[in-house]
Amino acid sequence: MAYALITGASRGIGLAIATELARQKFDLLLVARSVSSLQQAAQQLAKDYGIKTDFLAIDLAETGAAQQVYDWCSQKKYSLQILVNNAGYGLSGPFEKHALAEHIDMMQVNMTALVELSYLFLPQLRQQSKAYILNIGSSAAYQAVPGLSLYSASKAFVLQFSRGLHQEIRKSSVSVTCVCPGSTDTNFVDRAQIGEKGRKAAEKVNMTPQDVAKQAVDAMFARKAEVVTGLLNKAGKFMAWLLPKGLVEKTAGSIYD
Ligand code: NAP
């Protein structure tokens, strides 16, 4: 039986994607760091939807973590039909405010683990008659965001990598989708240490993780290359394309100063 593996499934958008897939009767493998949240989610989803679940508590910032996820699946004979690379976070404020090691950890989770998991699981995904990789980007991928510079760059990477891979393997059984949410009501702002101005701006336009998850899963099964969630965020992407870059960047960054 083939599983859906979701990283960052302990809460927020990842947990909402797991719930949406459980509703559609997929068996689930949940990956994140928080053992108790994962255990609770795995038990609840199995009970509510009559599916099989298992979880692995692991820090994806650690070197070799993706290989450990792959080895865990191999040992337990879990093969995947769906890989959801959702785990990720931002670090707000001036670039030099954070230790270099913190930046490197963030890049490891947002980009390296995503690439490694895609690489490691692709051969078995190809063996399924229909299989999916869903990568979570961000509306921050469409312009540089001063005050979230490295985060927005990491999400631009996720978007470009996903689009490229989508085209490369479009004739195979595996489709690659990048979903770019805008502000969503999760723990993101706390983890990113976003200040009062940014929080207030986010609260005005926040989507629910459930709405984002539904749009993400629909886009994935429709084998789309790229989807921005919500009308406002779609308009934001269009404005970022239309207006002078300097103006767009100053506006985007003004809520993080
Ligand atoms: P969240 O509520 O903070 O959830 C983040 C998830 O990632 C949690 O399950 C967390 O679990 C996991 N995670 C974080 N660091 C990890 C690590 N080192 N190793 C393993 N797992 C880790 O935030 P969210 O909004 O749902 O974020 C999900 C994705 O959406 C991220 O890629 C984020 O960049 C993207 N996104 C969010 C927004 C937004 O406004 N919320 C907007 C655009 C894009 P543990 O803490 O248990 O490890």
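Quick note: the coordinates plus some simple rules give every number you see, no bench work behind them. Here the structure is a predicted model, which means the values were calculated and not measured. FYI the Cβ positions are ideal-geometry reconstructions off the backbone, even for glycines, and counts take in every protein chain you see.
Tabulated data for the structure shown
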item	result
Selection from ALA4, LEU80, PHE238 lying farthest towards where the dipole of the chain points positive, charges on Cβ	PHE238
Charge dipole of the chain about the Cα centre (unit charges at C-beta), most positive-ward option of LEU120, GLY198, GLN67	LEU120
Lys, Arg +1 and Asp, Glu -1 on Cβ, resulting dipole of the stretch 3-254 about Cα centre, debye, nearest 20	740
FRET efficiency estimate (nearest 0.05) - Cβ-Cβ, GLN127 to LYS47, R0 41 angstrom	0.85
Semi-axis lengths, Å, the stretch 26-123, gyration tensor of Cα atoms, sqrt of 5 times eigenvalues	27, 17, 11
222 nm mean residue ellipticity, helices alone, for the chain (DSSP H n ≥ 4; -39,500 (n - 2.57); rounded to 500)	-15500 deg cm²/dmol
Within the stretch 63-168: Cβ-based charge dipole about Cα centre, in debye rounded to nearest 20 (Lys, Arg +1; Asp, Glu -1)	400
Cα-only Debye scattering, the stretch 94-155: base-10 log of I(q)/I(0) at q = 0.15, 0.20 Å⁻¹	-0.57, -0.82
Of the GluC sites (Glu not before Pro) in the stretch 1-108, those whose Cβ has at most 16 other Cβ within 10 Å and which sit in DSSP loop	GLU62
Net length gained if the chain between LYS224 and GLU62 were fully extended (0.36 nm per residue, minus Cα distance)	55.2 nm
Distance violations [Cα-Cα > 32 Å] among LYS47/LYS234; LYS52/LYS97; LYS155/LYS197; LYS77/LYS234; LYS204/LYS245; LYS52/LYS204	LYS47/LYS234; LYS52/LYS97; LYS77/LYS234; LYS52/LYS204
Rg ratio (alpha-carbon, reference 2.2 N^0.38 Å) - the stretch 53-203	1.10
Fraction of alpha-carbon pairs over 19 Å apart in the stretch 182-257 - percent	46
Globularity index of the stretch 3-254, i.e. its alpha-carbon radius of gyration over 2.2 N^0.38 Å	0.97
